[in-house]
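Just below is one structure, and these are the notes that go with it.
Derivation of every value follows stated rules applied to the coordinates shown; laboratory data play no part. Note that the structure is predicted; figures quoted are calculated from it, not measured. Cβ: placed from backbone, ideal geometry, glycine included. Neighbour counts: every protein chain shown.
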Amino acid sequence: MNHSIIIREEKEADYNQVYKLIETAFLTMEHSDHDEQNLVNRLRGSKAFRPELSLVAEYENRIIGHILFTEAKVGNHILLALAPVAVIPEMQNNGIGGRLITEGHKKAGELGYKGCIVLGHAQYYPKFGYKKASMYGIQAPFEVPDECFMAIELVENGLENVRGTIEYAKEFFEIN
């Protein structure tokens, strides 16, 4: 199955399917405000949105996963924020989220981004190279457990001179 999964850039025609996918994927998540699908809609209209970094996983002509990376700032450095990554419940734990993360990192590096931050599960994201953002001197703009706020260098020494508080796109803080 894994080989017949295609990771590609999201198209406008995918938006409704992606909305439903994200809504379903986060329905039973304990650490969720259940607004992720609306967040993605808001972010698509923001200055932080890069269409090349909104990716879908497709299997047998059906979208089964989605990931979004948007621009975020630390001082005058432009980084990325990974949020959210979603896979339909019946396909979770099959490595699809991991494929989306890996492909997203590769594409982001090719586009010249030096690093990415994520607020997420402390056991999951380190598998992909994420470390505590505090190790790089990057802080969240809100109270969060240190082990859940992570960063990754997309190029060697990409976060070497990056210090300070991350500035997310304002759409992260708007409520639908």
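Annotations for the structure displayed:
- Sorting the Cα pairs of segment 34-119 by distance into bins of 5 Å, from 0 upward, gives 3, 14, 25, 25, 18, 10, 3, 1, 0 percent per bin.
- Alpha-carbon centroid distance for the pair segment 1-35 / segment 111-171, whole angstrom: 23 Å
- Two-site FRET efficiency, LEU111 against GLU23, from Cβ-Cβ distance with R₀ of 35 Å, rounded to 0.05: 0.80
- Whole-Hz ³J(HN,Hα) from phi, Karplus 6.51 cos²θ - 1.76 cosθ + 1.60, for segment 88-99, glycine and proline x: 4, x, 6, 10, 5, 6, 10, x, 5, x, x, 5
- In order through segment 63-80: 3J(HN,Hα) via Karplus (6.51 cos²θ - 1.76 cosθ + 1.60), integer Hz, x for Gly, Pro: 7, 10, x, 8, 9, 10, 10, 10, 6, 9, 10, 10, x, 9, 8, 9, 10, 10
- The C-alpha atoms of segment 26-84 occupy a region whose extents along the principal axes are 41, 28, 17 Å, arranged from largest to smallest.
- Convex hull volume of the Cα atoms of segment 73-147, normalised per residue: 102 Å³.
- Length added when fully stretched, ARG8-PHE173, from 0.36 nm per residue minus Cα-Cα: 56.6 nm
- Counting Lys and Arg as +1 and Asp and Glu as -1 over every other residue whose Cβ lies under 13 Å from the Cβ of ILE152, the net charge comes to +3.
- Listed from fewest to most Cβ neighbours within 10 Å, the set HIS105, HIS77, HIS31, HIS121 follows the order HIS31, HIS121, HIS77, HIS105.
- Ranking ALA108, SER134, VAL118 by Cα position along the charge dipole of segment 87-176, where only Lys, Arg, Asp and Glu carry charges on their C-beta atoms, puts ALA108 farthest toward the positive end.
- Scalar couplings 3J(HN,Hα) for segment 116-125, obtained by applying the Karplus form with A = 6.51, B = -1.76, C = 1.60 to θ = phi - 60°, are 9, 10, 8, 10, x, 5, 5, 8, 8, 5 Hz; x denotes Gly and Pro.
- Relative contact order for the chain: 22 percent, from Cα pairs under 8 Å spaced at least 6 residues apart, divided by residue count.
- In a reduced charge model with +1 at each Lys and Arg Cβ and -1 at each Asp and Glu Cβ, the chain shows a dipole moment near 360 debye about its Cα centre.
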